[in-house]
1. Under 8 Å between Cβ atoms, at least 6 apart or on separate chains: pull out the pairs that start in region 39-52 with a residue that is under 15 Å from PHE5 (Cα atoms) and end on any residue that is assigned to a helix (DSSP H, G or I) and of a type outside the set (Asp, Glu).
2. Could you list, in sequence order, all residues of region 1-35 that are in contact with a strand residue (DSSP E or B) (Cβ under 8 Å, 6 or more places away or on another chain) and free of Cβ contacts under 8 Å to residues at least 12 places away in the same chain?
3. Here is a list of conditions, (1) open to solvent by less than 80 Å² (accessible area, probe 1.4 Å); (2) modelled with pLDDT of 95 or more, and ARG47 meets all of them except one; can you say which number that is?
4. Just give me the residues in region 9-44 being among the polar types (S, T, N, Q), open to solvent by less than 70 Å² (accessible area, probe 1.4 Å) and farther than 19 Å from VAL55 by Cα, in sequence order.
5. Condition test on PRO75, is it open to solvent by less than 40 Å² (accessible area, probe 1.4 Å) and at pLDDT below 95?
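The values are calculated or read from the model by the stated rules, or taken from the named source; none is laboratory data. These numbers come from a predicted model, not from an experiment. Glycine gets a Cβ as well: all are built from the backbone with ideal geometry, and neighbour counts include every protein chain shown. Heavy atoms of the whole protein, side chains included, go into the accessibility calculation; ligands, DNA and RNA do not. Shrake-Rupley method; radii C 1.70, N 1.55, O 1.52, S 1.80 Å.
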Amino acid sequence: MKVLFINNDGGGFADYVEVPAGMTVMQLFERHTGSSKAHNYLIRVNRQPCSADQVLQEGDRVSFTPTKIEGAAAPQS
């Protein structure tokens, strides 16, 4: 089955990817981000926050957006 995968990390991209039936959001995250930590990302399915064990459905829109930008300095007061 296909889901629209939107990766907002770095340069970002969006594309339909083939996933097996029964795949969870966390399995997709691990497949596409490697060693990144999920708590450093805002993970959404169909523009809504989701649980890590949510099973993906045909046509879902999945996005991974980092909550921290590597190398960005903290704002100065």
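1. TYR41/PHE29; TYR41/THR33; ILE43/VAL25; ILE43/PHE29; VAL45/VAL25; CYS50/VAL25
2. Across region 1-35, the qualifying residues are GLY12, PHE13, ALA14, ASP15.
3. (1)
4. Correct list: SER36, ASN40.
5. no
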